[in-house]
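Here is the structure we will look at.
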Amino acid sequence: FTSHDAYRGQHPFLFTKQTLALRQLKSFAGDPTFYAFVRTLTARFEFGTMSPPEFRAFLGHLPSPFSPQLRKDLTLFLDRWWTAEGWPDFAFDHMDTTALPEGKWLTDIHASQAGSVDFPPLIGVEDESGRTYVLRAEPSKQPDDHAWNAGIVTPYRPVKAVVDPTHEAFDADRFNNSSAPTGVQFFPGSADTLRDDAYRS
């Protein structure tokens, strides 16, 4: 994708944001459908250039592998990515687990999303077998548009839940999107590194 601005006038993260937007659209639409769209796009603009607005307009081009609702959703998400400042910022809120009668487990995960980029994240639940089950979150039925919920059934007791487990998005803070404690060590090394003069600014 090209920008009509001079190279030196472009934001250094412009290409990064566009790339992440495409990856999210692919994840949301599904690989077969998205790549069918890309083949049509390539045939139309082969040996030429296209601007971000032209790409946005082509999302609604007919015939299309996308359903009418999917075309609407993809255009909305693309606009949020390319026109809004900032990045997604997912936050894991809490999870509730329930043992089901047939021996399986239901995990209800609640997450929030701050910032101006609003996108339904993937949520994953790992059970005692070590397998992770992933589902796209749905908007909360509460008035808060930045809350997301997902109910995931696993064969075994859940041990961990993670928001955006496949890292399809650039999260501004990756330390707040999991039910597991972080593995950060504030004082690595030997006790000798704890001296006061080791931390002078």
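Net charge around residue 36, counting only other residues with Cβ within less than 15 Å of its Cβ (Lys, Arg = +1; Asp, Glu = -1)?
Once positives and negatives cancel, what remains is +3.
At 7 Å along Cα-to-Cβ for each site, give me the label-to-label distance between residue 36 and residue 54 in nm.
Distance between the two pseudo-spin positions: 2.5 nm.
What does the net charge come to around residue 105 if you take all other residues with beta carbon closer than 12 Å to its beta carbon, with K and R at +1 and D and E at -1?
Every neighbour counted, the sum reads -4.
To make sure I understand the rule: partners must be lysines, Cα under 23 Å from the Cα of residue 72, and not fewer than 8 residues away in the same chain. Which ones qualify?
Once the sequence-local lysines are set aside, what remains near residue 72 is 17, 26, 141.
Considering only the other residues whose Cβ falls under 14 Å of the Cβ of residue 59, what net charge follows from Lys and Arg at +1 and Asp and Glu at -1?
Local net charge: +3.
Give the lysines whose C-alpha is closer than 25 Å to that of residue 104, dropping any in the same chain fewer than 8 places away, or say none.
160
Could you work out Rg/(2.2 N^0.38 Å) for the stretch 41-169, with Rg from alpha carbons only?
After normalising by residue count via 2.2 N^0.38 Å, the value is 1.31.
No value in this document is a laboratory result; all are computed from the given coordinates. In this text, all values refer to a predicted model and were calculated from it rather than measured experimentally. We place every Cβ from the backbone using ideal geometry, glycine too, and count neighbours over all the protein chains shown.
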